[in-house]
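Accompanying notes for the structure given below.
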Amino acid sequence: MTRRDARRHAFSLVYQLAFFDHKIESLAEAKKFYYDSLDDAIPTGKHAEYVDRVVWGVFDRQVQIDGVIDNFLRDWDLARISKIDLAIMRLAIYEMLCEQDVPIGTAVNEAVEIAKDYGTDDSAAFINGVLGNVARHIKAEGRESIG
């Protein structure tokens, strides 16, 4: 399993959070439901640690992350973003702000690749635009500047 595979597992879990109450029990339920439904490899070792860390991180910082997304939207409302696109951006912004070992450009590129596979025809360009603006701000001001 690669970090890319682990990131896709994390995306799936972050996406599921949109359908559960924002409670710790809901995250545990989402995780159990997701892993029970898998036919392929479940993350183990450092990849399982990464999945847990970023999913819990997005869960804990969702309000802050959504504020970042909202600040970088142009003529768009957070409520209009599809749940898939929102999950992709939440994961990428968490990585950009909190995962020091993930280069900012990698977080953006991986988000765009996930959007190509799971989003609409317009998702990749939309996500790239928003995350590109976030990334430029972070690079200019530092990772802590947005948080």
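Each value in this text was obtained by applying a stated rule to the coordinates, not by laboratory testing. Given the structure is predicted, the values throughout are model-derived calculations rather than measurements. Neighbour counts are summed over all protein chains in view; Cβ atoms, including those assigned to glycine, are modelled from backbone coordinates with ideal geometry.
Miscellaneous remarks
- Computed extension gain for Trp76 through Asp36, at 0.36 nm per residue and net of the alpha carbon distance, reaches 10.8 nm.
- ³J(HN,Hα), Karplus 6.51/-1.76/1.60, whole Hz, each residue of the range 25-39, x for Gly, Pro: 4, 5, 5, 4, 5, 4, 5, 4, 4, 5, 5, 5, 8, 6, 9
- According to the calculation over all Cα-Cα pairs in the chain, the P(r) per 10 Å bin from zero is 11, 45, 36, 8, 0 %.
- Degrees between helix 45-71 axis and first principal axis of the chain (Cα, 0 to 90, nearest 10): 40
- Lysine pairs with alpha-carbon atoms under 21 Å apart, the range 3-145, spacing 8 or more or separate chains: 8
- Linear extension gain, Arg3 paired with Asp122, 0.36 nm per residue minus alpha-carbon span: 40.3 nm
- Helix 123-141 axis versus longest C-alpha principal axis of the chain: approximately 70°, rounded to the nearest ten.
- Exposed trypsin sites (Lys or Arg not before Pro) absent - longest run of the chain, DSSP non-H/G/I/E/B, at most 15 other C-beta within 10 Å: 75-147
- Summing +1 for each Lys or Arg and -1 for each Asp or Glu among the other residues whose beta-carbon sits under 9 angstrom from that of Leu91 gives 0.
- By the helix-only formula, in which each DSSP H run with n ≥ 4 contributes -39500 (n - 2.57) and the sum is divided by residues, the chain has a 222 nm mean residue ellipticity of -24500 deg cm²/dmol.
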